[in-house]
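Encoded as structure tokens, the structure appears first; notes follow it.
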Amino acid sequence: MKSQLYFWISLLAVVAYLVPMTILLLRKLWKAVPLTLFAAYFLVSGLINLLDLLPGVSHSVIETISVFYNLLDMPLVLAILSLSTGVPGIRKATRVALVIYMVAAIIICAVQGLNYDALKYSLLLGLVLVLTMLVWEVIMHLQQVRHTPMQKGLVLVHAALLFQYGTYVIIYIFDYFLIAVSNTTDNFIIYYISSIISLIVASLGYLNLPGALHPSPVLSDRSE
């Protein structure tokens, strides 16, 4: 019963990961660079998660790809945030955070190797950095009285990521600190359900925008 639930929820999550890019292409929003980058990020995440559903892919291959993906996931988000934010302070802090993470990740991998256990420390650092930047961005948005359609769309994407990474903190704690009571299947089910919810919210952000936007590499700058 649980295996069937796992399969259908994971399949639904993979489909959900494709929705932002589908909306972006159908509505011709690709000139909105931040949204295009986030849609590409979601698309890659969906393809990585699809591997778990494909027959014939060995567990070792999936684990190796997952380690690389988890190592690169958070710097990708930080990089996109640095391009999408309109707050100079957040842009600078995000770039500094990106450098800190990359240096720390390289040192950790050099000392402990590239494996699941080595991710414990880099993931913790990445979660702290990404959640800090996302919370900061959302707070700055909420302080504004008026918002452009682009800002409204992006804040929904940021809120979606904030929810997903917030849920991932719980999974991280069970994976690395509560191993005795942790269940891998249950953790993945929680992960996929949180992904579905966050992608629904993110998709609403894409639907909030008018079609065929003019080029917009970043939001208009807001005060720090």
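The numbers here are math on the coordinates, done by the rules we state, and not lab data. Owing to the predicted nature of the structure, the values given are computational and were not obtained by experimental measurement. Cβ: placed from backbone, ideal geometry, glycine included. Neighbour counts: every protein chain shown.
General remarks:
- Inter-centroid distance (Cα atoms) of segment 78-104 relative to segment 111-143, Å: 12 Å
- Counting neighbouring beta carbons within 10 Å and listing from fewest to most, the residues 206, 176 come out as 176, 206.
- Whether segment 38-124 is rounded, prolate or oblate, judged on the alpha carbon gyration tensor where a/c under 1.5 counts as rounded: oblate
- Cα-based shape type of segment 2-207, given that a ≥ b ≥ c are square roots of the gyration tensor eigenvalues and the cut on a/c is 1.5: oblate
- Annotation: lysines with alpha-carbon distance below 26 angstrom to residue 31 (same-chain offsets under eight excluded): 92, 152.
- By the helix-only formula, in which each DSSP H run with n ≥ 4 contributes -39500 (n - 2.57) and the sum is divided by residues, the chain has a 222 nm mean residue ellipticity of -27000 deg cm²/dmol.
- Footprinting exposure proxy for 141, 147, 158 (fewest neighbouring C-beta atoms within 10 Å first): 147, 141, 158
- Sorting 161, 53 from the fewest to the most surrounding beta carbons within 10 angstrom yields 53, 161.
- Trypsin sites (Lys or Arg not before Pro) within segment 1-51, DSSP loop, no more than 12 other Cβ atoms inside 10 Å: 28
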